[in-house]
1. Output yes when any residue across region 6-22 is at pLDDT 80 or above and in a loop (DSSP other than H, G, I, E, B), and no when none is.
2. Tell me which residues, restricted to region 40-82, are exposed (fewer than 10 other Cβ atoms within 10 Å of the Cβ), without any contact (Cβ under 8 Å) to a residue 24 or more places away in the chain and not in a helix (DSSP H, G or I).
3. Which one of the conditions (1) open to solvent by less than 100 Å² (accessible area, probe 1.4 Å); (2) modelled with pLDDT of 90 or more does residue 36 fail to meet, given that it meets all the rest?
Amino acid sequence: MAMALILTVMVAGPGVVAQAGANPETFKGTHRNERVNGRPQTVTVTDGQSYVQLTEEEYRAGGYRPAYDALPTRIVRRIPLRKSIPADQD
């Protein structure tokens, strides 16, 4: 049973480990992500090998660097795809 647990952790990858231990001493903020569909803004932090997304409140409360207001904002706009329908199939 212990071996299965170890394998599960190894298969899960570094992202799982990072989310459990993203401390401000090793993780630094890279950019803010614009809020989408009413969700809060998030901040991407990295230790150079893995990354974690935190909410703005978690980032500010955790004391991460650089300051939240100094981070660049990444804005992603997704445009709905429209398929053109030939006139004879209207």
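The values are calculated or read from the model by the stated rules, or taken from the named source; none is laboratory data. These figures come from a predicted structure and were not determined experimentally. Positions of Cβ are generated from backbone atoms using ideal geometry, with glycine treated the same way; all protein chains shown enter the neighbour counts. SASA here: full protein model, heavy atoms, side chains in, ligands and nucleic acids out. Shrake-Rupley method; radii C 1.70, N 1.55, O 1.52, S 1.80 Å.
1. no
2. If the condition is that a residue be exposed (fewer than 10 other Cβ atoms within 10 Å of the Cβ), without any contact (Cβ under 8 Å) to a residue 24 or more places away in the chain and not in a helix (DSSP H, G or I), then 48, 77, 78, 79, 80, 81, 82 are the ones that fit.
3. Failing condition for residue 36: (2).
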